[in-house]
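What follows is one structure encoded as structure tokens, with my remarks underneath.
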Amino acid sequence: MSFVASNYSSSPLYFAYRRKSENYEHKETFHSHLGLEVLFIHQGRGTMIVNNNSYEIKPGMLCIFQPCQLHHLKLEYDDHQCFERSIAIFEPTVFEAYFKQWPALHEFYNFIYLGNLPFPCLYEVDDPYLEGAYKSMNDRFPTLSDTEKYEEISLFIVALFRSLKPIWDKRKERSSTYQTRKNHRVEHILTWIETNYTIPFRLDAMAKSLHLSPYHLSHLFKEATGISITEYIAARRIHQSIQLLATTKKPISLIAEEIGLTNSSYFCKLFKSQMGITPHQYRKKWTST
């Protein structure tokens with residue numbers, strides 16, 4: 001399993017069109033991006049956890065992840081399945097000015113990246129304009145000069161949201177039909193983690209709070225998500241530490257305490273195992289971009 005927390009401030013857009021993962025590549029990942037992500041799934045099966053809810057990954061699924069929103073993907077590759085998707089990730093504040101001449105579209109754009117979205121995923125999306133926006137950008141992007149890129153990227157993002165708005169408006173009235181895999185016990189576990197991950201973790205205390213045995217609690221979570229409770233809490237803590245490293249000048253030892261780790265040396269070791277660099281190196285890289 002890998003944890004990804006990406007900084008796209010050095011580039012105006014991270015873009016991929018119909019990217020494929022096969023043969024158990026990226027079978028399980030935690031993702032967090034400092035920009036807004038619009039993900040369209042062409043092929044694939046599996047499970048996605050967002051906002052303490054579990055969603056079934058299916059073709060024709062459109063997902064919107066707001067800045068710094070943690071999401072967990074567990075992919076299935078049985079029967080020669082592949083995971084094929086189109087992705088656009090960008091810093092939304094950079095492109096907001098391009099929407100101001102269209103008030104309704106501007107309001108929708110702000111809602112998508114700043115609002116309290118009632119659902120992160122839409123199903124059975126089959127829209128030629130959405131597909132066309134990704135394909136057109138894919139065809140044009142390699143030929144663009146550096147001076148042309150911002151203009152073309154802004155036009156792509158406007159086109160993307162212009163195609164997204166009617167899809168969203170049509171589906172928001174039927175939000176109760178979205179296909180979540182309801183597992184209320186697991187949702188209670190995820191909610192408990194979100195409330196308590198900033199304090200030192202003890203499985204027996206968690207089990208007592210949720211009125212489950214430690215064994216049953218661990219088995220239930222692993223069966224539903226594919227990972228252990230400790231792995232999930234570690235990823236959640238690293239996700240929070242990334243935001244603190246990037247947005248504050250707090251000492252690394254204090255950040256470790258604020259995410260529930262009293263030993264700053266262990267925090268540095270855990271951070272490097274997840275991110276490939278130390279917290280100090282990450283902060284230095286972030287502040288230098």
Strands (runs of 3 or more DSSP E) enclosed by segment 34-119 - at least 1 residues per element that are of a type in the set (A, V, I, L, M, F, W, C), farther than 19 Å from residue 16 by Cα and open to solvent by less than 30 Å² (accessible area, probe 1.4 Å): 46-50
Subset of segment 110-155 (residues that are in contact with a helix residue (DSSP H, G or I) (Cβ under 7 Å, 6 or more places away or on another chain) and small (Gly, Ala, Ser)): 133, 154
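Applying the selection to segment 137-174, what residues are polar (S, T, N, Q) and open to solvent by less than 40 Å² (accessible area, probe 1.4 Å)? Outline the logic, then answer.
Within segment 137-174, the subset polar (S, T, N, Q) is 138, 143, 145, 147, 154, 163.
Selection gives 154, 163.
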Pairs, first basic (Lys, Arg) in segment 277-289, second at pLDDT below 85, C-beta under 8 Å, six or more apart: 283/246; 285/7
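Quick one: in segment 134-156, which of the residues that are hydroxyl-bearing (Ser, Thr, Tyr) and touching a residue at least 60 places away in the same chain (Cβ under 8 Å) is nearest to residue 18 (Cα to Cα)?
Just the residues of segment 134-156 that are hydroxyl-bearing (Ser, Thr, Tyr), to begin with: 134, 136, 143, 145, 147, 150, 154.
Keeping just the survivors that are touching a residue at least 60 places away in the same chain (Cβ under 8 Å) gives 134, 150.
Values: 134: 9, 150: 22 Å.
Once the filter is applied, the top-ranked residue is 134.
Would you point out the residue of segment 144-169, among those that are of a type outside the set (A, V, I, L, M, F, W, C) and at pLDDT 85 or above, that is farthest from residue 63 (Cα to Cα)?
The selected residue is 151.
For segment 33-53, give me the residue count where each residue is touching a helix residue (DSSP H, G or I) at 6+ places or on another chain (Cβ under 6 Å) and closer than 20 Å to residue 134 by Cβ. Write out each step before concluding.
In the first step, residues of segment 33-53 are kept if they are touching a helix residue (DSSP H, G or I) at 6+ places or on another chain (Cβ under 6 Å); the result is 36, 52.
Imposing the further condition that a residue be closer than 20 Å to residue 134 by Cβ reduces the set to 36.
Matching residues across segment 33-53 total 1.
Out of the residues in segment 226-283 meeting the condition of being assigned to a loop (DSSP other than H, G, I, E, B) and over 30 Å from residue 216 (Cβ atoms), tell me which one is most open to solvent (accessible area, probe 1.4 Å). Don't jump to the end; show me each part of the working.
First, pick out the residues of segment 226-283 that are assigned to a loop (DSSP other than H, G, I, E, B): 226-228, 248-251, 259-263, 276-278.
Cutting the leftovers down to over 30 Å from residue 216 (Cβ atoms) gives us 248-251, 276-278.
Details: 248: 39, 249: 195, 250: 64, 251: 73, 276: 52, 277: 46, 278: 40 Å².
Result: 249.
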Boolean, residue 105 is under 24 Å from the mean Cα position of the chain (by Cα), of a type in the set (A, V, I, L, M) and modelled with pLDDT under 90: no
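Does residue 202 count as modelled with pLDDT under 90 and not hydroxyl-bearing (Ser, Thr, Tyr)? Quick ask: steps written out before the conclusion?
On the way: modelled with pLDDT under 90: no; not hydroxyl-bearing (Ser, Thr, Tyr): yes.
Judged against the criteria, residue 202 is not a match.
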Pairs with Cβ under 9 Å, 6+ apart, first in segment 173-197 and closer than 30 Å to residue 261 by Cβ, second small (Gly, Ala, Ser) and modelled with pLDDT under 80: 183/224; 185/224; 186/224; 189/224
Residues of segment 126-136 that turn out to be surrounded by 19 or more Cβ atoms within 10 Å (Cβ to Cβ) and of a type outside the set (Phe, Trp, Tyr), as a count: 2
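The values are calculated or read from the model by the stated rules, or taken from the named source; none is laboratory data. Keep in mind the model is a prediction, meaning the values are calculated, not measured. Reconstructed Cβ throughout: ideal geometry from the backbone, glycine too, with neighbour counts over all protein chains shown. Surface areas here come from the heavy atoms of the whole protein model, side chains and all, with no ligands, DNA or RNA. Shrake-Rupley method; radii C 1.70, N 1.55, O 1.52, S 1.80 Å.
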